[in-house]
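Enquirer: Dumping the structure here so I can ask a few things about it.
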Amino acid sequence: MNAETRSSGRFLYTASVVLLCAWVIVPLYLLLINTLSSPETVNSFPKPFWPEFDLGSLSFFAGFEGMLTALKNSILVAAMTMVMSIAIGAPAGYALSRFDFPGKGLFRLLILLTRAFPLPLLALPLAVMFIRTGLDDTVFGLALVHTTLAIPFSVLITFSLFSGIPIELEEAAWTLGCTRLTAFTKVVLPLILPGITASAIFAFVISWNEVFAAAVLTIENRTLTAFLLQNLDTSPLHLKFAGGFILVVPALIFIFAVRKYLFAMWGIANR
Amino acid sequence: MAVIEIKNVAKRFGSYQALHDINLTIDDQEFMVLLGASGCGKSTLLRIIAGLETQTTGEVWIGGRRIDHLPPKDRGIAMVFQNYAVFPHLTVFENIGFGLRMQKLPNDEVKRRVERTAELMHIEQLLSRYSGELSGGQRQRVAVARALAMEPDVILMDEPLSNLDALLRMEMRAELKGVLAESNTTAIYVTHDQVEAMSMADRISVMHEGRIVQAASPIEVYRDPAERFVAGFIGNPPMNFLPAEPTGAGQWRVAGQTLKGPDLNRPLEFAIRPEDMTLSDAGLKAKAKVVEPLGAHLLVTAEVDGTLFRAVLDSDLKVSPGDVLTLAPTPDRIRWFDPKSHHAVQ
Ligand SMILES: Nc1ncnc2c1ncn2[C@@H]1O[C@H](COP(=O)(O)OP(=O)(O)OP(=O)(O)O)[C@@H](O)[C@H]1O
Ligand SMILES: [Mg+2]
């Protein structure tokens, strides 16, 4: 009886794990198969179990009018977002972990609250302001918006990284002949570099996947997400699959690479 | 030549006064220990000297140069931290050589000095390891070596041994003292361990609630505490106190007994160390409460006139709880304190 409940419990456990994995992996797998199949196979049924490794869909994707520009824009915006969010977020994270200043607790809360503010509410005034300042439909303008989205994460991740480095290490460096800056570059930076890289990659992914602001704020210079959205009803099936694949894969790989640091961030954010 | 002069240094954290008007001169090559209970401001004072904390008022001079406005790197000091602060991303060699590299010394000079200090601290076989691969004691050695390699005028140590186990601490204590004596540096050493303080110091500064209450040689601090606080803090167990009433002509009434003391006409406090009493026919009547045979001697916790009183006696004596002992204080070891100002009275 006891062994029976245990084995049925085990069965339930295994079944849920399999189900959850399937939930995530099956769509990805279908995406992979369809991307690596010829356009004819994509539009036919049943699907093959193994991908054909036919680059027809992908080359059609690459040849589609405006697609490569969109891809380039996506990369540009994401790269700019990555650089800006670290350049602005890391000093804030450092200040939060090293200095006491009035309103520090409130500041931390506000950082989180920015994420609670719905972007659609902001979209219209933002678009108006961008048009006035000439930032509309530019890669830089969009990168600014994405930076705003990514900064809370980069501040929280770097805050937790800096907090993990005892202040005594810096103080020891100061007494051994370092200025604040050289102590930072010689001691702190080498220790947090992997974490900073992770934080940068995360910002890249946030920008890479963002579609709403991209769709509202750009017309000519669309990013990949916005471009695919725009052509959703008109484009053929294999194009959607290829686009989806190109969008999902880098994000997945990056997030997988930096998962350790994302856990660290939540550990801090929940405290 | 590195005399350290601390002039009227005070430190406030918000509304909390951590240090009150500290004045202290530490001689060239002296080993000065800052001793006091937790929270009395020892680290704060040390960090002000190092430049890691800024004093609210006052001045710090090292070697005749006012340094309190300089960043830590320009003060000619090196510091050893309580948690070692060995850089985890560098090898032991690079840790010890860190300060030398910052001074842009040539490679062979760095190598020579790192190897010499490593040898001094007996860690020459660890030079290629990382801090994660070291024990606490080894890390401590690296931290000291890193400070010594700088050949600083002044070395500052904040409870460097407090994370080590008792045996290792005793070993390192002797070793550190030897190494520092040879290095010709002026040393300030913070600890709350009075045995450490007594055994290492040329001079001890006893701190209490942000003040230095006495700065003197270990034996003087022990024998002639300048304040009642010092008498009650130093020694294990510390001094015993009893109220004393003058009966005229330098005679005092203490717990029903008459003792000789200073020729004054106001109440004082009588004080005696537990080991400065002998069993005798005439003396203080002490009712034994707890008897602890400690091997080398016998620690008796008793009551004299309703006051807690401890005596350290010969371990051959047979004493049981409830016995009434007659304890005669050794006359030249008796000390007197003013109950109002808490200062010692001659
Ligand atoms: N940055 C700070 N902000 C506010 N108060 C502080 C700060 N640093 C120290 N203090 C306070 O100043 C007092 C002295 O602290 P300090 O660290 O000098 O004590 P300490 O003698 O070194 O004690 P311990 O033996 O525990 O290390 C303490 O009451 C402490 O709470
Ligand atoms: Mg301290």
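Enquirer: If the limit is 19 Å between Cα atoms, which of B:Lys7/B:Lys42; B:Lys285/B:Lys318; B:Lys11/B:Lys42; B:Lys42/B:Lys340 go over it?
Expert: In this structure, B:Lys42/B:Lys340 lie more than 19 Å apart at Cα.
Enquirer: For chain B, give the share of DSSP beta bridges that are antiparallel, in percent and rounded to the nearest 5; count only bridges with both residues there. All intermediate terms of the calculation are to be shown ahead of the outcome.
Expert: Values: 60 of 79 bridges.
Here the antiparallel bridges make up roughly 75 percent for chain B.
Enquirer: Given a 1.4 angstrom probe, I'd like the percentage of the accessible area of chain B that is carbon and sulfur, rounded to a whole number. Let's see the in-between values first.
Expert: Numbers: 7630 of 15480 Å².
Using a 1.4 Å probe with all protein chains present, chain B comes out at 49 percent carbon and sulfur.
Enquirer: If r is the Cβ-Cβ distance from B:Glu115 to B:Asp74 and R0 is 25 Å, what FRET efficiency results, to the nearest 0.05?
Expert: Once rounded, the FRET efficiency stands at 0.40.
Enquirer: Report the accessible area of B:Asp323, computed with a 1.4 Å probe over the heavy atoms of all protein chains in place, in Å² rounded to the nearest 10.
Expert: 50
Enquirer: Between B:Gly295, B:Gly256, B:Gly76, where does the largest GNM mean-square fluctuation fall for chain B, given springs only between Cα atoms within less than 10 Å?
Expert: B:Gly295
Enquirer: DSSP beta bridges in the protein assembly as shown, what fraction antiparallel, as a percent rounded to 5?
Expert: 75
Enquirer: OK, next. Run the simple label-point estimate for A:Leu68 and A:Thr114 please: 7 Å along Cα→C-beta, distance reported in nm.
Expert: My value for the distance between the label points is 3.6 nm.
Enquirer: How big is the accessible area of B:Phe93 in square angstrom, nearest 10, if you roll a 1.4 angstrom probe over the protein chains?
Expert: Probe radius 1.4 Å; accessible area of B:Phe93 about 40 Å².
Enquirer: Considering every residue in B:70-77, what mean count of other chain Cβ atoms within 10 Å of its Cβ is obtained?
Expert: Across the residues of B:70-77, the mean count of other-chain Cβ atoms within 10 Å is 4.
Enquirer: Here's another thing I want to ask about it. Quick check: the angle from helix B:166-183's long axis to the longest principal axis of chain B, C-alpha only, nearest 10 degrees?
Expert: Helix B:166-183 sits roughly 60 degrees off the main axis of chain B.
Enquirer: A follow-up question, please. Please average, across the residues of B:49-62, the number of beta carbons from any other chain that are within 10 Å of each residue's own beta carbon, and give a whole number. Spell out each step's value before the answer.
Expert: Values: counts 0, 3, 3, 7, 1, 0, 0, 0, 0, 0, 0, 0, 0, 0.
Neighbouring Cβ atoms belonging to other protein chains average 1 per residue here.
Enquirer: Using +1 at the C-beta of Lys and Arg and -1 at the C-beta of Asp and Glu, which of B:Ser341, B:Pro321, B:Gly306 has the Cα lying farthest in the positive direction of the dipole of the stretch B:299-343?
Expert: Projecting each Cα onto the dipole axis, the largest value belongs to B:Ser341.
Enquirer: To continue, here is another question. Per-residue Cβ counts within 10 Å, from other chains only, averaged over B:139-149: what number is that? Mind dumping the intermediate values first?
Expert: Details: counts 0, 0, 0, 0, 1, 0, 0, 3, 3, 0, 1.
Mean number of neighbouring Cβ atoms from other chains: 1.
Enquirer: Enumerate the lysines that B:Lys111 could reach by cross-link, defined here as Cα to Cα under 29 Å, with residues fewer than 8 away along the same chain left out.
Expert: A:Lys186, B:Lys73, B:Lys177
Enquirer: Top to bottom by accessible area (1.4 Å), largest first, where do A:Cys21, B:Cys40 land?
Expert: Reading off the accessible areas and sorting them downward yields A:Cys21, B:Cys40.
Enquirer: For chain A, what are the DSSP H helices with axial Cα length of 18 Å or more and mean Kyte-Doolittle hydropathy of at least 1.6?
Expert: Flagged H segments are A:119-133, A:139-163, A:189-209, A:237-257.
Enquirer: Right, next: Going by alpha carbons, how many degrees (0 to 90, nearest 10) lie between the helix axis of B:107-120 and the longest principal axis of chain B?
Expert: Helix B:107-120 and the main axis of chain B meet at about 30 degrees.
Enquirer: Against the longest alpha carbon principal axis of chain B, how many degrees, from 0 to 90 and to the nearest 10, is the axis of helix B:92-102 turned?
Expert: Between helix and principal axis, roughly 70 degrees.
Enquirer: Moving on. Based on alpha-carbon centroids, what's the gap between the stretch A:41-115 and the stretch A:172-194 in Å, whole number please?
Expert: 31
The values are calculated or read from the model by the stated rules, or taken from the named source; none is laboratory data. Since this is a predicted model, take the numbers as computed values, not measurements. Glycine also receives a Cβ, built like all others from the backbone with ideal geometry; neighbour counts cover every protein chain displayed. Accessible surface areas use protein heavy atoms only, side chains included; no ligands, DNA or RNA. Shrake-Rupley method; radii C 1.70, N 1.55, O 1.52, S 1.80 Å.
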